[in-house]
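Below you'll find the structure, written out as structure tokens, and then a few comments.
None of the figures in this text is laboratory data; all of them are computed from the coordinates on show. Here the structure is a predicted model, which means the values were calculated and not measured. Please note: Cβ atoms are built from the backbone with ideal geometry, for glycine as well, and neighbour counts cover all protein chains shown.
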Amino acid sequence: MLTWSQVDFDLAVIRVMTKGGVPRVLPLSAEAYEILWKRRGQHAEYVFTFKAQRTWKKHPKNGEARIKGKRYPITYYGIGSNKRKWKKAGVDARIHDLRHTTGMRTLRKTGNLRVVQKILGHTDIAITAKFYTDATVEDMRAAMEATAPRQVEQSQPKAIEKKGA
């Protein structure tokens, strides 16, 4: 759970500890900075919180008490408890998918595997390469289009025509 003491607005970074206890500094994008800036004052300690919808003397699953209207930190358990709702809505997702999406988007935008390694905190770039260098059909199509000679006009496959329309 991210706490305000980990956020440095002056340097636009957050400081976290890895699973192995190694400190890491992660830069904040302008968008992430703005999201965090707007959350200031919602809770004294935790950055990401929710407002309790009802009062619980003792929560049936985790035993914690809640007071309606008060803010509490969003926990990994709390996010995971929404899986039932996600499944019902047809969403097949895990929290780790957000990490993978970050890695893939960063690699596609920058082409820099070393940057992806640093952002994700992998100590060995081979791990980053193993999980984040998959080429999608769209990646392969873009590469082939970029290297194809353009001497003869050809008709586009229907899938590409629809995408461009």
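For segment 30-84, trypsin sites (Lys or Arg not before Pro) meeting the loop criterion (DSSP other than H, G, I, E, B) and having at most 14 other Cβ atoms within 10 Å: 40, 54, 57, 58, 61, 68, 70. Counting neighbouring Cβ atoms within 10 Å and putting the fewest first, the residues 104, 140 line up as 140, 104. Counting only alpha carbon atoms, the long axis of helix 137-147 and the longest principal axis of the chain meet at about 40°. Note on segment 94-149: percent of Cα-Cα distances in each 10 Å bin, starting at 0 and stopping at the bin with the largest distance, equals 23, 49, 23, 5, 0.
The value of relative contact order for segment 94-149, using C-alpha pairs under 8 Å at least six residues apart, is 27 percent. Calculated FRET efficiency, residue 1 to residue 143, Cβ-Cβ distance, R0 = 30 Å: about 0.15 to the nearest 0.05. Once you keep just the Cα pairs under 8 angstrom separated by 6 or more residues, what percentage relative contact order results for the chain? Dividing the mean separation by the residue count of the chain yields 12 percent.
Helical runs (DSSP H, four residues minimum) scored at -39500 (n - 2.57) apiece and divided by the length of the chain put the mean residue ellipticity at 222 nm at -12000 deg cm²/dmol. For residue 19, the lysines whose Cα falls under 19 Å of its own Cα, not counting residues fewer than eight places away in the same chain, are 118. The distance separating the Cα centre of segment 87-134 from that of segment 28-49 comes to 23 Å.
Magnitude of the charge dipole for segment 94-149, about its Cα centre and with charges confined to Cβ atoms of Lys, Arg (+1) and Asp, Glu (-1), is about 240 debye. Calculated on the alpha-carbon coordinates, the convex hull of the chain measures out at 202 cubic angstrom per residue. Between residue 42 and residue 136, the FRET efficiency estimated from the beta carbon spacing at R0 = 30 angstrom works out to 0.20.
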